């Protein structure tokens, strides 16, 4: 006998099971940064890259514990931004909501562009805009039909990534324990520590790896956005968040150990995927095509999650404006399928701008800059989330016997300080300076406009 589906007050359905949420959490933790970008970070820092992943992994774990604690106190919320509105006020909340949503739209656009690139590996003659329209149409439809279908799609997307990583780790362990001979030498753990230095290419390259790995982890918070539509949300959030660090250690650190055990780190370059190199050295001729399929599903997974998240965030924004406004009347609605259909359609429609980027290099250049700005804005959003958590701790909503963030008095200020240091480090990396400056300009201009808008609304209400 099927259990009755629980319906939230706003009409959304709690249909995501524990297995959906756990796999969405894994999908959010593992991105194309591991499959394609790890070669770049290893070439910059050598074996010290594991220390970079470990440090960032710990701080992201603490951020997720902060988010998890707030959701545990009120699992009816659809986005963590709603807690920023509640504890830091409508000005900061609305600014963060719009900033995060715009960032999501650009992430969607970037992932859609990537899917076309990966498909053209096999079908180079198909125009990229056709591939983009097909993928966007399919995944937007998946999100419109039901949250459960989204969860099912993410489950299988994440499964493909896990199988690829586990297969590489098992292959690597076999090669290292059997001391397999490759054109680059013997596969062995000794390769990791051979000629080891903490800063093989200087302190600057080591520091510049931190923002690169930070952006590889970006999206790890997506799992929290599923809580509003998950069965047994308090049980699910504790499990999903607590296993974040384990997943990072297992999939990232485990994969890096295997990669550097088989390929001497001095032989790795930023131009090719370490996964492809490992499988080729293991005698797997279809390595490049297989990893291309994996990163294609990874991009499709990210696009699927982005559409889901963007729809919920725009719906949240619509619920926070006056009820007589066109935005509230149009987008603060839940369809009969239990999803914010209008908000999803609007967000997906904006992503249709992506095919235009192939028409001129000027648009592509602007897109690259804007994507950089929106990525850097995530650091500000994450920091505001941590500040909101501190306000939550001081509020009457605080549950002393809830899902408590460990060592709060130390880990909370340290996490905020660390995010601040990451943002400051962007100014010392030439390719990140424009994005960092753009993020500050966006904050000052849009934040200022939002402040005056809210002040005008307040004064109008007082006069009435």
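Nothing in this text is a laboratory measurement; each read-out follows from the coordinates by a stated rule. What you see is a predicted model, and the numbers here were worked out from it, not measured in a lab. Cβ sites come from the backbone with ideal geometry, for glycine too, and all protein chains shown count toward neighbours.
Between residue 329 and residue 349, what FRET efficiency follows from the Cβ-Cβ distance if R0 is 30 Å, with the result rounded to 0.05?
On the way: r = 18 Å, r/R0 = 0.60.
Approximately 0.95, to the nearest 0.05.
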(Q) Between 0 and 90 degrees, rounded to the nearest ten: what's the tilt of helix 128-145 against the longest Cα principal axis of the chain? (A) 50 degrees
Q) Going by how many other beta carbons lie within 10 Å of each one, how would you line up 243, 154, 221, fewest first? A) 243, 221, 154
Q) Taking neighbour counts of Cβ atoms within 10 Å as a proxy for exposure, in what order, fewest first, do 238, 409 appear? A) 409, 238
Q: Report, in whole Å, the centroid distance computed from the Cα atoms of segment 133-191 and segment 260-319.
A: 8 Å
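Helix-derived [θ] at 222 nm for the chain: sum -39500 (n - 2.57) over DSSP H runs of at least 4, divide by residue count, nearest 500? Before the final figure, lay out the partial values.
On the way: 19 runs with 317 residues, N = 464.
After summing the helix terms and dividing by residue count, I get -23000 deg cm²/dmol.
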Q | P(r) histogram, all alpha-carbon pairs of segment 93-203 included - 10 Å bins from 0, percent | A | 11, 21, 25, 23, 18, 2
**Q.** Percentage relative contact order, the chain, counting C-alpha pairs under 8 Å, at least six apart
**A.** 33 percent
**Q.** P(r), alpha carbons of segment 138-227 - 5 Å bins starting at zero, rounded %
**A.** 3, 9, 10, 13, 14, 15, 13, 8, 8, 6, 1, 0
(Q) Between [x] 56, 47, 41; [y] 80, 56, 50; [z] 76, 52, 42, which entry matches Cα extents along the principal axes in Å as derived from the coordinates of this structure? (A) [y]
Q. Order of 404, 207 from fewest to most other C-beta atoms within 10 Å?
A. 404, 207
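Report Rg/Rh for segment 36-168, rounded to two decimals, where Rg is the Cα radius of gyration and Rh the Kirkwood radius. Could you put the intermediate results ahead of the total?
On the way: Rg = 19.0 Å, Rh = 18.6 Å.
We get a ratio of 1.02 for segment 36-168.
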Q: Please give the helix 18-29 orientation as an angle from the longest Cα principal axis of the chain, in degrees from 0 to 90, rounded to the nearest 10.
A: 70 degrees
**Q.** Helix 203-217 vs. the chain, principal-axis angle (Cα, 0 to 90°, nearest 10)
**A.** 60 degrees
Q. For segment 244-363, what are the per-bin percents of Cα-Cα distances with bins 5 Å wide, up to the bin holding the maximum?
A. 2, 9, 11, 13, 13, 10, 10, 11, 9, 6, 4, 2, 0
